[in-house]
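Read the figures in this text as sums done on the coordinates, not as results from a lab. Every value quoted in this text rests on a predicted model; they were computed, and no experiment measured them. Note that each Cβ is placed from the backbone with ideal geometry, even for glycine, and that neighbours are counted across all protein chains shown.
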Amino acid sequence: AMNTGFCGNPAEDDDGDGDGDGDGDGDGDCDDDSIIIIIIVFECKSFLDSNGYVALGLDPYPPDLFSETVDWWTEAIDGADTIIHAAWYVEPGKYLDSAENVRCVEGSLRLAEAAARRAVRHFVGIGTCFEYRLPNDHITADSAVGPVTLYAAAKLALFRMLEKRFAESGTTLTW
């Protein structure tokens, strides 16, 4: 796993200095050797392996992120404090209504289950403006949702499922 030096959630600051890292020095970075795993898909071909994926901090590297089992993920994220999940199928011209969105939800739920089993402290997922009713000139977290593509519906459904699952496990979800 990779220690990026990033940490902190001021809303959950446990040492009172307002930086969210819990170490009392006010700098906002993790001085406690926290492990953060970043899972992403790059569209830039120079960063892709033969399957089109790059997963930073995972060893061994998975051949297909969305096909891995809960048990595989549980082992792969052992020791992680934070998971940043930014992987998704986004092939231009195809992703909005592709069935690959369903595979992304299924694989993401397996990763999330592993995170809950491992008591990962923080899970960061990446949403989309397409989850919201469009057109909309000012989107906030409280804006009305209204997905019209499979991509948007899949992202919104995943968010709602993660909200419920992580509320039970104690993992903080940021979307």
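Modelled this way, with points 7 Å down the Cα-to-C-beta line, the labels at residue 175 and residue 138 are 2.3 nm from one another.
Here the Karplus relation 6.51 cos²θ - 1.76 cosθ + 1.60, evaluated at θ = phi - 60°, turns the backbone of region 85-93 into coupling constants of 9, 10, 8, 5, 7, 9, 5, x, x Hz, with x for every Gly and Pro. If the chain linking residue 86 and residue 99 were pulled fully straight, counting 0.36 nm for each residue of separation and taking away their Cα-Cα distance, it would gain 2.8 nm. Taking θ as phi - 60° and the Karplus parameters 6.51, -1.76 and 1.60, the scalar couplings of region 160-172 work out to 5, 5, 5, 3, 5, 5, 6, 5, 6, 8, x, 6, 7 Hz in sequence order, x denoting glycine and proline. Proximity of backbone amide H atoms, modeled 1.01 Å from N, is registered between residue 132 and 146 at under 5 Å, excluding neighbours fewer than 5 places apart on the same chain. Seen from residue 155, the other residues with C-beta closer than 15 Å to its C-beta sum to a net charge of -2, counting Lys and Arg as +1 and Asp and Glu as -1. When you filter the trypsin sites (Lys or Arg not before Pro) in region 122-174 for DSSP loop state and at most 15 other Cβ atoms inside 10 Å of their Cβ, you are left with 133.
Among residues other than residue 69 with Cβ under 13 Å from its Cβ, the summed charge is -4 (Lys and Arg +1, Asp and Glu -1). Tally Lys and Arg at +1 and Asp and Glu at -1 over the other residues with C-beta under 15 Å from the C-beta of residue 113: what net charge comes out? After counting each charged neighbour, the total is -2. Residues whose amide H lies under 5 Å from that of residue 39, counting only those 5 or more places away or on a different chain, are 84, 85, 86; hydrogens are built 1.01 Å from N in the peptide plane.
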